[in-house]
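The values are calculated or read from the model by the stated rules, or taken from the named source; none is laboratory data. Note that the coordinates shown come from a computational prediction; the quantities given were computed from them, not determined experimentally. FYI the Cβ positions are ideal-geometry reconstructions off the backbone, even for glycines, and counts take in every protein chain you see.
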Amino acid sequence: MTDIKSMTLEELTAWLKERGEPAFRAKQIFHWLYRGVTSFDEMTDLSKALREKLSRQAFLTPPQVARKQVSKLDGTIKYLWELSDGNCVESVLMRYQHGNTVCISCQVGCRMGCAFCASTLAGKVRDLTPAEMIDQVLFTQIDSGAPISNIVLMGIGEPLDNFDTVMRFLTLVNHPEGMNIGMRHISLSTCGLVDKIDKLARYGLQLTLSVSLHAPDDETRSKIMPVNRSVGVEKLMDTCRRYVQATGRRISYEYAMIDGVNDSDAQADQLARLLKGTLGHVNLIPLNDVEESPLKPSRRVAAFQKRLERQGVTVTVRRKLGSDIDASCGQLRRKAMQSAQGMGGQTTNRKEDEVP
Ligand code: SAH
């Protein structure tokens, strides 16, 4: 059986050709897929025989809305999608002046282990498929009626830990016959898998790379981000500099402000030194409070910002959207898992291997 929506138009054309179908059928089917059909039967301009052949040889995996929360404050919508195997992932629709943005997941759970993040608490269950990533964008657009112009890969999971799928997703979502979303309208966020950042650089894509830095020194970063224990801040920054050189794109450094952990004046100074001469800016994120975590939001965001700016660093502070709903990574899925269990903290999810 073929996962038809994970194929590019060119692959679909070849696949149909092998089955004796002309090339224009591929385009017809591709268009149906991106109109959000959930079965081959809905492809009404194909012959019944072809529709039946497709149902025998290929499958679709449309997600179901398991839960939906709409913010009364700013219209942010958070979706909990149930995938075809019963697992759940989240997407968030955010309405900005520059267009509607959807934040999507790339894995069921995450194995990176960041101390402040709800997505990783129960480990990684599995990678998503390209089709499952596309469908988050498509069905968010269809359900909400909001045309999507921007995508951020900042939901559940580590995009560079599902590299090939994410690259295929980018090709698909960018395709003019599909959603036609330009690379400059896409951001990819990583906790800093250096080998994969180097690999990504070789593609020379015009997307925005966000690096979740969160601390300027190894002691602090290793404490809150296990991925830092094997690589370290210096090597990560070298990799980022190589990335900028290869792509000409500036990097966005994410920095979630955590009370008493990474928000001191000394750390602001260290961060400014670290970024000196690099093409990039800092995005300060007010920490989202995760119930299970002892880490709390910093009260020094404005002071930290000022101190960085005084040293020539470009800084933005992320606007908090959907604060009346669980609009941050992994929290809705986590709540749904807990209520399915009728208890806190435990899940049936198999925990995959630890941080690489
Ligand atoms: N795995 C990728 C992308 C998913 S997380 C990464 O690490 O970048 C998207 C962003 O949200 C990352 O910058 C992550 O560090 C941040 N984040 C996770 N939990 C958070 C929380 N509780 N408060 C604020 N930001 C958080």
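With respect to the stated conditions, D85 is within 21 Å of the chain's Cα centre (by Cα) and of a type in the set (D, E).
Answer yes if at least one residue in segment 74-94 is assigned by TED's automatic domain parsing to the domain that holds M179, under 30 Å from T220 (Cα atoms) and surrounded by fewer than 19 Cβ atoms within 10 Å (Cβ to Cβ), and no otherwise. For segment 74-94, residues assigned by TED's automatic domain parsing to the domain that holds M179, under 30 Å from T220 (Cα atoms) and surrounded by fewer than 19 Cβ atoms within 10 Å (Cβ to Cβ): absent.
Working carefully through the options L33, L16, find the one that is over 28 Å from the mean Cα position of the chain (by Cα) and not in a loop (DSSP other than H, G, I, E, B). Give the steps one after another, and end with the answer.
Numbers: L33 fails: over 28 Å from the mean Cα position of the chain (by Cα).
Only one candidate passes the filter, namely L16.
Restricting attention to segment 249-293, the residues being within 13 Å of the ligand (Cβ to nearest atom), at pLDDT 95 or above and surrounded by fewer than 16 Cβ atoms within 10 Å (Cβ to Cβ) number 1. Identify the residue in segment 114-144 that is assigned to a loop (DSSP other than H, G, I, E, B), in contact with an Asp or Glu (Cβ under 7 Å, 6 or more places away or on another chain) and within 14 Å of the ligand (Cβ to nearest atom) and, among all such residues, is nearest to F59 (Cα to Cα). Residue satisfying both the conditions and the ranking: G123. If you check K296, K320, K306 for being within 12 Å of the ligand (Cβ to nearest atom), at pLDDT 90 or above, of a type in the set (K, R) and in the same structural domain as S230 (by TED's automatic domain parsing), only one passes: K296. The set of residues in segment 44-83 being more than 19 Å from G155 (Cα to Cα) and small (G, A, S) consists of S47, A49, S55, A58. Pairs linking a residue in segment 295-310 that is of a type in the set (G, A, S) to a residue that is within 14 Å of the ligand (Cβ to nearest atom), with Cβ atoms under 6 Å and 6 or more positions apart or on different chains, are S298/M257; S298/I258; S298/D259; S298/D263.
Residue pairs whose Cβ atoms lie under 9 Å apart, separated by 6 or more positions or on different chains, with the first residue in segment 216-244 and within 18 Å of A201 (Cβ to Cβ) and among the charged types (D, E, K, R) and the second part of a helix (DSSP H, G or I) and within 14 Å of the ligand (Cβ to nearest atom), are K235/V194; D238/V194; R242/I197.
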